[in-house]
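The values are calculated or read from the model by the stated rules, or taken from the named source; none is laboratory data. Since the model is a prediction, treat every value here as computed from it, not as a measurement. Neighbour counts are summed over all protein chains in view; Cβ atoms, including those assigned to glycine, are modelled from backbone coordinates with ideal geometry.
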């Protein structure tokens, strides 16, 4: 028996009996969702309609809202969806439905056709109103590709045409949700429960959390947003056992737990706290602050451990002059930023020789003569008639030009000021970097072996927000 939809009312007799039963196997409610929006830009466009059918404990409930996007709807979109500015003029803005929608979706597996669109739009709309949202997600486009590889097209239009699904108001959210449920019901009946469920769990991204996790921890992890920031884990005594940075915290943590490669000891974790960041470098700064606050070491990945970086330190020699010494850089907070940053000691020595020649520094006095020279040999700079008595003022010049030592292959990016901005809220933070390290608010400097990659990514993708200093 088919049913009639009524606004936000429980559906008593469902036309999707197989889905009702199989979704019980997911171990959590399932929400089949569709959104309509003012366009396809994930950052600039806004939601105009939300519809979902929620399967929970054998019950099926529908919810739908028109949403005022607070911006004009392009005529092309009006022609596609039928949703006009006039229709949404008196509709609530997203902030007014956010609380109710969040309570409906919290703890659900989200199913959507081209889920990247719907999931990202939901995350962004919630983020704008200060709510962190995340969910396990199943993309029914990917499911269709796996179940029906013989077909080239897997858009909802193609599936509707292929199966002869009757749809009124195509491209209205609830009509599309109903069509999607019809398709899921059909594919389930054709492929059988076990094969269908197996593909669903394989394709979910983000992943659901493992059932073996303690309930106290599952609830907290499901409450994480799926954004950038720092995760800190605490044991029963309040001691930190993990601090790490993430770009999409729920997605990354759930994937690590699913693969059995959890970065933290979840058996001894009683509490997790998330500290949101405005960008990747801001996340490292927050991480350093937390390490200092809790007097804790932090988790270091195997990849991080394998990385090696060398810097230069100038120390007083037996002759009282500053001498260059190469030293391995370690993660942590120091009084000063690195003086140059190099992949290895050989690269550092090579750069020192070039640097001394460029700035007229005495390599003998600075202790950076090329390998093979001994103290009793005449200075090669003097012998080549290029000596300008630099050794007399060597210390002053070393200190004056030390900041010019290369930082990997970054060219002139020895010292930079980088602005990171939340693209949805406009909130900004300005960060000061030098030698591959970040300056903290107390004037100390933080280096992490993963930081150089974060800096370099900024140089490649965000040059307009980088200011060279000096």
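What to note about this one:
Let's see how each residue does on (1) surrounded by fewer than 18 Cβ atoms within 10 Å (Cβ to Cβ); (2) in the same structural domain as residue 111 (by TED's automatic domain parsing); (3) part of a helix (DSSP H, G or I):
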{"position": "22", "(1), (2), (3)": "no, yes, yes"}
{"position": "43", "(1), (2), (3)": "yes, yes, no"}
{"position": "48", "(1), (2), (3)": "no, yes, no"}
{"position": "61", "(1), (2), (3)": "yes, yes, no"}
{"position": "73", "(1), (2), (3)": "no, yes, no"}
{"position": "79", "(1), (2), (3)": "yes, yes, yes"}
{"position": "87", "(1), (2), (3)": "yes, yes, yes"}
{"position": "95", "(1), (2), (3)": "yes, yes, yes"}
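- Going through (1) farther than 30 Å from residue 282 by Cβ; (2) buried (at least 17 other Cβ atoms within 10 Å of the Cβ) one by one, residue 222 falls short only on (1).
- Checked against the criterion of being modelled with pLDDT of 90 or more, over 30 Å from residue 219 (Cβ atoms) and surrounded by 13 or more Cβ atoms within 10 Å (Cβ to Cβ), the candidates 246, 274, 309, 314 yield just one match: 309.
- When each of 126, 117 is tested for being touching a helix residue (DSSP H, G or I) at 6+ places or on another chain (Cβ under 8 Å) and either in contact (Cβ under 8 Å) with a residue 12 or more places away in the chain or outside the structural domain of residue 425 (by TED's automatic domain parsing) (or both), the lone residue that passes is 126.
- Residue tally, condition under 17 Å from residue 337 (Cβ atoms) and within 20 Å of the chain's Cα centre (by Cα), over region 413-446: 4
- Answer residue from region 236-266, given it is without any contact (Cβ under 8 Å) to a residue 12 or more places away in the chain and assigned to a helix (DSSP H, G or I) and is nearest to residue 456 (Cα to Cα) among those: 252
- The condition of being under 23 Å from residue 277 (Cβ atoms) and surrounded by fewer than 21 Cβ atoms within 10 Å (Cβ to Cβ) holds for only one of 161, 215, 252, 168, that being 252.
- Counting only strands (runs of 3 or more DSSP E) wholly contained in region 417-466, the ones carrying 3 or more residues that are surrounded by fewer than 21 Cβ atoms within 10 Å (Cβ to Cβ) occupy 428-434.
- Flag for residue 231 being in contact (Cβ under 8 Å) with a residue 40 or more places away in the chain, surrounded by 17 or more Cβ atoms within 10 Å (Cβ to Cβ) and touching a helix residue (DSSP H, G or I) at 6+ places or on another chain (Cβ under 8 Å): yes
- Condition met for residue 150 (outside the structural domain of residue 259 (by TED's automatic domain parsing) and surrounded by fewer than 18 Cβ atoms within 10 Å (Cβ to Cβ)): yes
- Matching residues in region 113-140 - criterion: being more than 17 Å from the chain's Cα centre (by Cα) and part of a loop (DSSP other than H, G, I, E, B): 113, 114, 129, 130
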